[in-house]
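Down below is the structure, laid out as structure tokens.
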Amino acid sequence: MLMLHRPAAAPAGPVLRDIHLPPAPGWWPPAPGWWVLAGLLVLVMWFIARRGWQARRRALRRDALMAMLEAVVARHAQSPQALAAALHELLRRAARRLDPAAVTQCGEPWRATLARVAVTGEHIDQLMQLDAAMYRPQATIDCAATTAAMRAWLSALPDASGNARTPRARPGWRRSRDAA
């Protein structure tokens with residue numbers, strides 16, 4: 001019989017393993033885009049917090065001005081001349097925020113400084129009467145109307161940036177001796 005000789009199987013070569021993938025990327029350190037996003041988020045949160053702090057400070061200043069006004073009115077309710085003088089002093093101090101020269105102004109420059117606050121012409125006329133009324137022994141001012149005009153003017157007083165309803169106090173601004 002004839003035997004056919006089968007050749008032996010040729011060696012297949014080295015044994016290879018399947019494709020080896022690298023490990024999945026870790027979560028740390030984040031990609032540069034995440035750093036930028038985190039920085040923007042911190043910046044926005046800081047901006048919002050700062051605006052909140054400023055609004056709170058402005059509200060506290062406005063409340064302090066209104067408290068000083070109420071104290072002046074309560075203290076000098078019986079004397080129109082003393083009320084006019086105390087209101088005039090408070091008005092001049094508050095007007096310093098708009099114009100540092102407001103302390104020495106009179107006449108039309110004083111009216112122009114008062115007019116920088118968004119109030120009606122009647123309120124400005126009422127406040128202009130304080131100049132003359134504080135020097136008259138028998139002052140004839142309408143205390144209720146003058147106090148209302150003062151409230152309206154102080155409420156609408158802008159801060160240094162021009163935002164209305166936000167009076168801005170100087171760091172060394174002390175309370176009026178009439179409001180103590």
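Brief remarks on what is shown
- Once both labels are positioned 7 Å from their Cα atoms along Cα-to-Cβ, the gap between HIS20 and LEU60 label points is 6.5 nm.
- Ordering of 47-54, 26-33 by packing [mean C-beta count within 10 Å, highest first]: 47-54, 26-33
- Candidate residues GLU122, GLU70: accessible-area rank, largest first, probe 1.4 Å: GLU122, GLU70
- Zero-based 10 Å bins, Cα pair distances in the stretch 77-144, whole percents: 21, 54, 24, 1
- Per-q log10 I(q)/I(0), the stretch 70-112, q = 0.32 Å⁻¹ (Debye; single scatterer per alpha-carbon; no solvent): -1.02
- C-alpha center-to-center spacing [the stretch 112-132, the stretch 21-49] in angstrom: 54
- Here the stretch 51-122 exposes an accessible surface that is 57 percent carbon and sulfur, computed with a 1.4 Å probe and the other protein chains kept in place.
- Base-10 log of normalised Debye intensity for the stretch 1-155 (one unit scatterer per alpha-carbon) at q = 0.16 Å⁻¹: -0.94
The values are calculated or read from the model by the stated rules, or taken from the named source; none is laboratory data. In this text, all values refer to a predicted model and were calculated from it rather than measured experimentally. No Cβ is skipped: glycine too gets one built from the backbone with ideal geometry, and neighbour counts run over all protein chains shown. Side chains included, ligands, DNA and RNA excluded: accessible areas come from the protein's heavy atoms. Shrake-Rupley method; radii C 1.70, N 1.55, O 1.52, S 1.80 Å.
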